Structures are given as C-alpha cells and as structure tokens.
Amino acid sequence: MANRDDVLSDFTVEEELSPSVLKAYLQRYPEYAQDLLALFNELSMTDLEATEASLPLETKAMNAETLRVQHVRQSLFGSGVKEFARELGLPRAFFTGLNAGVVHLASMPTGLLKTLARKLDVHIQDVISGMQQGDGQPVSMKSDVKPGGEAPIEFADYVAQANLSEEEQRALQALLAGDGSD
Amino acid sequence: MDIEPLRKRKTSGETYTRRPLITEFIKKSLQWPFEDLLERASIRDRRHNDYVPSEVLVCHLRRTKSNNSDGRFVDLYNILRDRIEAACPRSDSPVGETIHTNARLAEIRDATVDHVTELIFTDREDYDEQLDIYEVVFEKAVRSAHITKLRKVNRKNNANEDLQDPVTGDVRAVVEAALDRYRKHGLTDEEDFDYRINLRRAIDPRHAKTMDTTELRAEFLIETTKDGEPSMTELLGCVEKTVRNRRDRAIEKIRQALMLEVKNGE
C-alpha cells in the first residue's frame, strides 16, 4: 500500500488540481479519501488567497512566540540556566555558549534541537530564534576563549573544546539521541 | 553552475522536478552576489519585479551545505521561516485597535513551521527527500503540511471533548457510534487492549472521584499504620467508610463496563 505522506505529496505537486484529478486520486487511493478531500479543499483555498498573501506582512506583535523565545533565552543564557543545566547533566557554560555567535547554527544536530525544544516545551524554531538572539551580549563558552569577533564554529568542534567529563558526554549523547528522561 | 536534480520519486516512479521557470530563476540567481540575493529575497510583495520565489530560496539554502562557515544558511532560513508563516492562514486579525489571535490557528501554524524547520535541519545532516517538494510547489507544500497538522489538532481536540452533551446530558451520538463500531465486530487482542485503555480514560472524567480511588488502590492502602506512608483516606481527604464506598463503586463500574463488552462481543 502506498504511503499516505507520499500520496499527499504527489497530489500536492500535480500541475492542475481539478476535480477530475481529485477523482482519479480518490479512485486510486480510497483509503486516503478524507486526507485527499481535506487537502484539495486547503489547496483550492491557496489559490484564492494568493492575492491577499501578496500584501506585505504585518510587523510581528508581542505574542506567544515571543514569550516562548524569551523562555528559551532565559533557560539557556539567563537565570534559568543553572537549573536547566543541572536537570540535563551538563555544565552551565555549555548552554550559555550555545549561541549563534559561538556555534554555527547550521551545524546544530537535529536531535539536540528537538530535545531542547521538547524539554523547554517550545518549538524547534523557538530554540533557533533564542540561539540567534542569545543574551544580547557576546558570549564565550570558555573563559580562555575571546568572546565575540570570531566566526562561529561547528557544533562538533564546540563539543570537542568544551572539556566535558565522561558523565557529561553521556548526558550529551542522550540529548543528541533524543532520549528525553522527563 | 550545475543544479542538482531532485531525488524524491512519485509513487509512479517519476522523479520530482522543479518547474522550468524556477530552474531558470535559480540559474540566473546563482550569478548574483549573495548580498543581492538576500536583498531581493527580503521583498515580501509578490507583485514586485525583484521578488524571489520561495522555491528558489530553498534551493539556495540547501546549497549552503557546501559552505558551513558563514551565516548564509541562517540568513536564508530566517527569510524562509517568515515565508512559511505567511503561507499559513493568518492567526491574527485586527478588531478595532487591538489584534486578536486565534490560538488554534497559531498552534497549527507553529507546528507547521516546526515541521519544515526539522526537515531543513535533517536535510543538512543527510539529504532529506521530503524537502524536495518545497522546491517544486513551496506554498502548496506548506499548505499540505498545515492541513496535516490541522487534522492532528482536530483529532486531539475531538478526543478531549466531553462524552456527554453539555445541554441534554446524554452520551453524544458520536460516542455511541464509536462504541457501536466496536461492538459489532470481534476485537483482536490488540484492539481489546486499546479499547480497555480508552475505556479507562473515558470513564475517568465522568467519574473522577471513583476513578481517583481506583488509581490509588494500586498503590496505597485505605489505612496505614506505617509512619510517613500515605493512605487513601489522607490523600482523598475522606473518612475510611467513604473511601471504601468509592472504591467499591469504581470497581463495580469497571466490572459492569467490561462485562457488558464481553457479553456484546460474544
């Protein structure tokens, strides 16, 4: 049997989303009839809203997302870092250094981003925003590294320089593997 | 400069392909300095002559894999993230001078952004074919992810709905229908296990007091003489007789419910 996500993807990339195309999919994949109907409805609306969506976006107001990002920053770089670091079994400095100015964001492992998001009860994009905003100050992961002014390093190099104990390395591996011991 | 073909295949075996216009745009944009691309990419008005389609930006974002040392990835990610949000139905609407947020729509939008963000990061670690569709039909792909999240949230919300009609107090028709579905067909061991778990959950909100007692029964004695060990009477704040009555009622309800199902399953 075809995978649901694959069928819906195929339907999405169809050049023309007409009722006859929908009918053909419904006949071929009756088991996904509800998903296909919902998707057809949604994609038909996309065309209708295209004109509206072309208008410039509004400036983001203070919203839930802003609060979530604040929570991330507080937990990684602010007053919450002590407790958060203790809970995850890693040194405080490890988290305060998880700043886009220190670690190249693109090199962050997906597993770690997902685990941090889950632990903090936020979305992955909130962790990324928090890391980009940092604490507003140049951050150094170690006292012997000059803060600011240097290109961010790869996450793997950051870990190698963090001098983690064996126990801390195990804790990090658990986080990377998405092992949430909530 | 070569443009790597997409890898995902349709169920028919055909490979996903970028639209010719997008391919042309990518070729053209690869000649621009990165700063120019960024400047144009920041234009959000699709009617603008210099507007860069999102499919093109996804291609550029994936190409930053070959150069991890600068901030190109982050710059492009931030723009694409805004575009994913823009492709979702708006959760904010102005009412007078204030902005009202539809929490449900905002939740679904955030889950959609989360999904695509995860795809972007997994693609950096190892090519993720699921991201290919965003180079073919970006907005439709976002909408597709959005509808999947919406259906998940709806399922979750429906599961949290009260079993009884708040006005009449009768068991809701949809619940009756669901029960009926189970009763008409024999249950496999797996379904039976699933059903029993759901039954416990179903009874819980309606008979919270009696179920509290049942939950506690597994762990605590009604009365205890051991120092520091909590008893059911302490935890529920009731006298021993009340606890015993509640426990007996809870056990009876579960027994009746399960007996009923066994009978109907015959």
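Each value in this text was obtained by applying a stated rule to the coordinates, not by laboratory testing. Owing to the predicted nature of the structure, the values given are computational and were not obtained by experimental measurement. Counting neighbours? That spans all protein chains shown, and the Cβs are built from the backbone with ideal geometry, glycine included.
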Expressed as a whole number, the average count of other chain Cβ atoms within 10 Å around the Cβ atoms of A:109-122 is 2
To the nearest 0.05, what FRET efficiency results for B:Asn49 and A:Asn63 with a Förster distance of 25 Å applied to their C-beta separation? 0.20
By per-residue mean of other Cβ atoms within 10 Å, what is the highest-first order of A:63-69, B:104-110, B:116-122? B:116-122, B:104-110, A:63-69
Order these peptides, B:82-88, A:23-29, by their mean beta-carbon neighbour count within 10 angstrom, highest first. B:82-88, A:23-29
Inside 10 Å of the C-beta atoms of B:83-92, what's the mean count of C-beta atoms belonging to other chains? 3
What spacing in nm lies between the two simple spin-label points modelled at A:Glu16 and B:Met1, each 7 Å away from Cα in the Cβ direction? 3.6 nm
Taking the simple approach of a point 7 Å from Cα along Cα-to-Cβ for both A:Asp157 and B:Tyr127, what is their distance in nm? 2.7 nm
May I ask you to sort B:Ile3, B:Ile26 by Cβ crowding, counting other Cβ atoms within 10 Å and putting the fewest first? B:Ile3, B:Ile26
Residue pairs, from the table A:Lys114/B:Lys27; A:Lys119/B:Lys8; A:Lys119/B:Lys10; A:Lys114/B:Lys28; B:Lys8/B:Lys152; A:Lys114/B:Lys65, whose Cα atoms sit over 29 Å apart: A:Lys114/B:Lys27; A:Lys119/B:Lys8; A:Lys119/B:Lys10; A:Lys114/B:Lys28
For B:Ser42 and B:Lys152, compute 0.36 nm times the residue count separating them, minus their Cα-Cα distance, and round to one decimal in nm. 36.4 nm
Extension gain B:Ser66-B:Asp248, at 0.36 nm per residue separation less the Cα-Cα distance, in nm? 58.7 nm
